[in-house]
Every structure is written in structure tokens, then in C-alpha cells.
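For reference, the structure discussed in these notes is given below.
The values are calculated or read from the model by the stated rules, or taken from the named source; none is laboratory data. Owing to the predicted nature of the structure, the values given are computational and were not obtained by experimental measurement. Using ideal geometry, Cβ is built from the backbone for each residue, glycine included, and neighbour counts are taken over all protein chains shown.
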Amino acid sequence: MIADIKKSTEQKMQKSLEALKLDLGKVRTGRAHTGLLDHITVDYYGAPTLINQLANVNLADARTITVAPWEKKMLSAIEKAIRNSDLGLNPVTVGEMIRIPMPPLTEERRRDLTKIVKHEAETARIAMRNVRRDANAHLKELLKEKKIAEDDERRGQDEIQKLTDRHIAEIDKLLQTKEAELMAI
């Protein structure tokens, strides 16, 4: 029973960590990468569809992303979706392709992005602590129902705390890496 609780707790913590990695990937540094556009949806015949399902998304160089739609008539819809996204990008249509230059980041914008990244990391830490709380509550419930002994409950809580500490350390490492990436000029 304790092994099952530990396993499900670890899976939930891993999912929270993956979500943080995705969120940090959306925060834009000065360099271009195709992952920036992964969360942007376009209205495709009435259905919201991700850009990478409608077009080839590539890097032209270190500071330019290119989007080549498979259907010519989707050019303007994709351009509009990118322009209206929260990324602050200004796409330009060139023939049958959309070019998206990455503007250089100002010092003030870098600091704002650092605050956003710290907030995302804190949200992930809170999620980890909530998972820990739920697992500990489940252990206490098993103890109350006399399905496990007190020693087993204490050992289970210690193992869950170690899992939590390991995942929070990983969050801190991801945060440090992203902050260094943002502040690099």
C-alpha cells in the first residue's frame, strides 16, 4: 500500500515538473526556438488547431523562425494568431512563408521575464507540497483504519519528504538555468 502511494506521488510530482519545463520553454529569451509557437492555436475550419499541425515550423537562423503553411489560405490566419499571442512577436509574410524575427530583449524586459519565471517555479513548488500533503493524508487515513502500523506510516512520510525535496531541488535547478539564460546578453 505504501509503495503504491509513493509511486503515485512520484508520478504526480513528475507531471508537475514536466508542466514547469513546458511553461519555462514558453518564456522567450533572445534566441529563437520553434517551441515558442507550440501553444498557439489557429482557427482551422472552425476548430482550434496548433500551428505545428498546420505548417512546417523551422529556424532560418538563430534569431528568426519560419512558418510555411501547408495551405496557402492559412497564411493570414496563422500570422494573425502569432501577432495576437502573448509573445509580443511581429510576423512578416514573405511569399508563401511567414518570417518571425526575434527582437532583442531590453534589460527591463529581462527582469520582468525573470519575475515571471520565479513565479512559475514557486507555483510548481506549491504543487509539489500539495501532492506531499495529499500523500501524507492518505497515509494517516490508512493508519486510522489500522491497515498499516505507525512505524510504516512514519517511514512512508519520510520517503515522501525525500521525494519532495528531490523534486524541489530539480525545480530550483531549472529556475537557475532559465534565469542565467534570460540574463545572458
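Given the conditions (1) out of contact with any helix residue (DSSP H, G or I) (no Cβ under 8 Å at 6 or more places or on another chain); (2) more than 23 Å from L22 (Cβ to Cβ); (3) without any contact (Cβ under 8 Å) to a residue 24 or more places away in the chain; (4) surrounded by 11 or more Cβ atoms within 10 Å (Cβ to Cβ), and given that P101 satisfies all but one, which numbered condition is not satisfied?
All conditions pass for P101, except number (3).
Condition check ((1) of a type in the set (A, V, I, L, M); (2) out of contact with any Gly (no Cβ under 8 Å at 6 or more places or on another chain); (3) under 13 Å from I98 (Cβ atoms)) across all residues:
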position: M13; (1), (2), (3): yes, yes, no
position: L17; (1), (2), (3): yes, yes, no
position: K21; (1), (2), (3): no, yes, no
position: V42; (1), (2), (3): yes, yes, yes
position: Y45; (1), (2), (3): no, yes, no
position: A55; (1), (2), (3): yes, yes, yes
position: A68; (1), (2), (3): yes, yes, yes
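Hey, could you check the range 1-13 for residues that are part of a helix (DSSP H, G or I) and surrounded by fewer than 14 Cβ atoms within 10 Å (Cβ to Cβ) and say which is nearest to the chain's Cα centre (by Cα)? Before the answer, list the steps.
Let us first name the residues in the range 1-13 that are part of a helix (DSSP H, G or I), namely 2-13.
Next, from what is left, pick out any that are surrounded by fewer than 14 Cβ atoms within 10 Å (Cβ to Cβ): 3-4, 7, 11.
Working: A3: 28, D4: 27, K7: 23, Q11: 17 Å.
Here the answer is Q11.
Looking at the range 37-49, which of the residues that are touching a Leu at 6+ places or on another chain (Cβ under 9 Å) and surrounded by fewer than 15 Cβ atoms within 10 Å (Cβ to Cβ) is modelled with the lowest pLDDT?
In the first step, residues of the range 37-49 are kept if they are touching a Leu at 6+ places or on another chain (Cβ under 9 Å); the result is 37-42, 44.
Filter once more, so that each one left must be surrounded by fewer than 15 Cβ atoms within 10 Å (Cβ to Cβ): 38, 41.
On the way: D38: 79, T41: 89.
Residue satisfying both the conditions and the ranking: D38.
Any residue in the range 75-98 that is touching a residue at least 12 places away in the same chain (Cβ under 8 Å) and at negative phi sitting within a Cβ distance under 6 Å of a residue that is of a type in the set (D, E) and in a helix (DSSP H, G or I)? List the pairs, counting only those 6 or more apart or interchain.
Filtered contacts from the range 75-98: P91/E79; T93/E79; I98/E79.
Under 19 Å from the mean Cα position of the chain (by Cα), surrounded by fewer than 17 Cβ atoms within 10 Å (Cβ to Cβ) and part of a helix (DSSP H, G or I) - does that describe any residue in the range 131-154? Show your work before the answer.
Within the range 131-154, the first condition is being under 19 Å from the mean Cα position of the chain (by Cα), and the residues that meet it are 131.
Next cut, surrounded by fewer than 17 Cβ atoms within 10 Å (Cβ to Cβ) only: none.
No, the conditions are met nowhere in the range 131-154.
Working carefully through the options L89, L105, find the one that is at pLDDT below 90, in contact with a strand residue (DSSP E or B) (Cβ under 7 Å, 6 or more places away or on another chain) and assigned to a loop (DSSP other than H, G, I, E, B).
Values: L105 fails: in contact with a strand residue (DSSP E or B) (Cβ under 7 Å, 6 or more places away or on another chain).
Just one listed residue meets the conditions, L89.
Taking the condition small (G, A, S) and either farther than 30 Å from L54 by Cα or in a helix (DSSP H, G or I) (or both), does A127 pass? Walk me through it before giving the result.
On the way: small (G, A, S): yes; either farther than 30 Å from L54 by Cα or in a helix (DSSP H, G or I) (or both): yes.
Spelling it out, A127 is indeed small (G, A, S) and either farther than 30 Å from L54 by Cα or in a helix (DSSP H, G or I) (or both).
Residues to consider are R83, R111; find the one that is farther than 25 Å from T164 by Cβ, assigned by TED's automatic domain parsing to the domain that holds L163 and part of a helix (DSSP H, G or I). It would help to see each step written out before you state the result.
Numbers: R83 fails: assigned by TED's automatic domain parsing to the domain that holds L163.
Unique residue meeting the criteria: R111.
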